[in-house]
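The values are calculated or read from the model by the stated rules, or taken from the named source; none is laboratory data. Predicted, not measured: the structure shown is a model, and the values here were computed from it. Every residue, glycine among them, receives a Cβ derived from its backbone with ideal geometry; neighbour counts consider all protein chains shown. Just the protein is used for accessible areas: all its heavy atoms, side chains included, with ligands, DNA and RNA removed. Shrake-Rupley method; radii C 1.70, N 1.55, O 1.52, S 1.80 Å.
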Amino acid sequence: KRSTATINLSLSALQSLFKWLCARDYIDKDPMILIEKPKADPVESNEWSADEVIRLFEATQERGETEPRDRALLWVLLHGLRAREVEALNLEDFDGKRVHVTEAKDDSVGQVPLLPEAIETLEVYLNFRRCGGEEIMPESPLFLSESNNSKGQRLSYWGIYKVVKDLAEIAGVKDSH
């Protein structure tokens, strides 16, 4: 009654052990050679429902001065970008209609067209930063941290994770990651 991942991890350990035993001539034949690992269980997508998305956006209103950033961040994430891809975005990667992903999984790159609401929210966030006196440079990070330890620096993967977790807690959205 173990998961497929647990079984495969155990089999890998045994295969390594018996391969080493054969290589060192402790045994003549590898008993694991004909053992096949079970296929991994399919990973099911756990997407937010429309109601959960509405509640997450409502939760941004309780975030104080980070509301513009959190709303823009949520919109970009809803376009299917991974947290690592969002973390790597610079201001120059947003052309007013789409974001250009230059650091993606498996070295893929591409352009992600944004919905009008996302574009408007990103513009509001950038104007908020300009009004705050920030010098906006093309190579500046698109999303900035507001935490005490790293205020004004690039919002990290864990910062994005924490924002989403905090919004989900406020909104009552379970299993959000």
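Of note:
- Answer residue from the range 133-177, given it is of a type in the set (Lys, Arg) and free of Cβ contacts under 8 Å to residues at least 12 places away in the same chain and is nearest to residue 48 (Cα to Cα) among those: 174
- Any pair with Cβ under 9 angstrom, 6 or more apart, that starts in the range 1-23 at a residue that is outside any helix (DSSP H, G or I) and ends at one that is open to solvent by less than 70 Å² (accessible area, probe 1.4 Å): 2/10
- Residue 115 crowded, with 19+ Cβ neighbours inside 10 Å and not polar (S, T, N, Q): no
- Near pairs, Cβ below 6 angstrom, 6+ apart or cross-chain, from the range 25-37 (of a type in the set (D, E, K, R)) to any residue that is open to solvent by less than 100 Å² (accessible area, probe 1.4 Å): 30/18; 30/22; 37/8; 37/11
- Any hit, the range 50-70, residues being surrounded by 16 or more Cβ atoms within 10 Å (Cβ to Cβ) and of a type in the set (A, V, I, L, M): yes
- Considering residues of the range 151-161 that are among the small types (Gly, Ala, Ser) and open to solvent by 30 Å² or more (accessible area, probe 1.4 Å) only, the residue nearest to residue 124 (Cα to Cα): 152
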